[in-house]
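Participant: Sharing a structure, written as structure tokens. Questions coming.
Taken together, the values in this text are just the output of simple stated rules run on the coordinates, not laboratory data. It should be emphasised that the depicted structure is a prediction, and the values quoted were computed from it without experimental measurement. Every residue, glycine as well, gets a Cβ built from its backbone with ideal geometry; the counts of neighbours run over all protein chains shown.
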Amino acid sequence: MASTYIQRVDSANGNRKVWTWSAWVKRDVLGSVDHNMFSMGEASADEGQFKFSSDQLSFFNDYASSGRVSASQPSRKFRDVNGWYHFVWRHKSDESTASDRWKIYINGERLDPSDYGNPSIPNEDGCYNKWENKDMWFGARAKAQNDNSYQYFSGLMSHIHFCDGYAYDASDFGSIDNVTGEWSINTSPNVQYGSKGFFILKDGNSVTDQSGNGNNCTVGGGTLTKTEDNPSNVFCTLNRNIVQAGGVSGRHANVSASLDNGNTTGGEGSGVFSNQLGTIFASSGKYYAECKFGGDQYCHFGVTSPNFSDASLGSYPGNGISGVNSAGIYGNGGIARCNGATIFTDSNITTDTICLAMDLDNGALYIRRNDGSWMNSGNPESGATKTGAITLPSDTYSWIVTSHNNSGSGRNYMKVNFGNGYFGSTQISSAGTNASNNGIFEYDVPTGYTALSTKGLNL
């Protein structure tokens, strides 16, 4: 939920001079609104924040005795909604060199202090750590207790460490992958936490301290949704940076801004048409996904190639435009189409969970209602024979949600489970089997199919 946050309250002081905060973060909302990742302080005076502000990184401290230390990195925009960012904030106020009292790391690389204005950081024990007898918040602003400006974070968080009395670098929490060259998580870092430190969100949504200290945190403002999406395995979601609106030429960022729940719910409001593409494309492999219709039936789920930029896909995936390979199912009447041709229909499907199996090794798409038989007597495990399949031309594909509302009322939307393990904000209570140990789905997954994710691409 957008208003959900994590809180840690302690009545005793920790180390006020030295500490380290580390967290992995995945964004799902962009724009001018402030989104707090980490904040500590009190309602009335002293406060510190580490946040996104207008998609820039901003961090500062208000401390009553000496004023404010404020910094930001205006030269970089953080607009990736597919990958994870790793942030480390190392604080050591007794360093002789002022620029070393704050060390900020992003994906293993330390920010040059000149990138955020070389702030004058005083050498004092109250310089930033105003968390003695105060609240520590993750996903919201501590001082909002006073003015209700919570600045909630929207997105995912994982592996939050707070090390009390220890100054660590990014290399203590991650390393460069020798194969991919990317910054990778160390899921069990060899770090110390001190008496007031903690480690939460190690696996899923648990706020139970994994450090051994027993410094458990609490959840406020709602509930946390567990997701399979994590820094070691990034799942396909809907791409907020590529949303195409009907009647407008080309791709446009943030059209209607109608993506929710970690960008797994897509659709439009009154009188609006849009195409919302997945974040991961593939040209080989076998992939599975599930969806539920919301609003009325004028929503669509399917697959498409990435080669459209000057026109919409028409009414739904598979309606077809020149040069674009697409297929999918339309909720109103259960019409399955591929590149302009109707393949089959299966009554109104808006009350069901719709399952799609995409076989890119053999160029086939299969559709099923709930856990019943595959439509058109299909068999996703038939391989090259493609029994009952919608034939897909050879191409690169991703999932796509299309919605339109010509009636002028309400919102039409689609809740997709890409293997993340939830529909909208609702966790799957009883998971199906298989998926090649990659992803959690409501129903059984055909043998050999998996979730479209970074791990799934390599299976």
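Participant: I need 109, 228 ordered by Cβ neighbour count within 10 Å, fewest first.
Facilitator: Ascending number of Cβ neighbours within 10 Å: 109, 228.
Participant: Counting residues in the stretch 317-446 as N, plug N into 2.2 N^0.38 Å and put the Cα Rg over that result.
Facilitator: Dividing the Cα Rg of the stretch 317-446 by 2.2 N^0.38 Å gives 1.07.
Participant: Only counting other Cβ atoms within 10 Å, I'd like 171, 347 sorted with the fewest neighbours first.
Facilitator: With the sparsest Cβ surroundings first, the list reads 347, 171.
Participant: Need one number: convex hull volume per residue for the stretch 145-190, Cα atoms only, in Å³.
Facilitator: It is 137 Å³ per residue.
Participant: Just add up the charged neighbours of residue 80: K/R +1, D/E -1, any other residue whose Cβ is under 13 Å from the Cβ of residue 80.
Facilitator: With Lys, Arg at +1 and Asp, Glu at -1, the net is +3.
Participant: Please state the shape class of the stretch 5-220: rounded when a/c is under 1.5, otherwise prolate if a/b exceeds b/c and oblate if not, all from the C-alpha gyration tensor.
Facilitator: Rounded shape, in that the Cα axes give a/c under 1.5.
Participant: Given 0.36 nm per residue, what is the gain on full extension from residue 377 to residue 459 after removing their alpha carbon distance, in nm?
Facilitator: 26.8 nm
Participant: Still on this structure, I have one more. Give the lysines whose C-alpha is closer than 19 Å to that of residue 17, dropping any in the same chain fewer than 8 places away, or say none.
Facilitator: By straight Cα distance, residue 17 reaches 92, 103, 130, 134, 196.
Participant: Another question, then. Based only on other Cβ atoms within 10 Å, what is the fewest-to-most ordering of 182, 47, 95?
Facilitator: Sorted ascending by nearby Cβ count, the order is 182, 95, 47.
Participant: Where nothing but the Cβ of Lys and Arg (+1) and of Asp and Glu (-1) is charged, how large is the charge dipole of the stretch 5-220 around its Cα centre, in debye to the nearest 20?
Facilitator: I would put it at about 200 debye.
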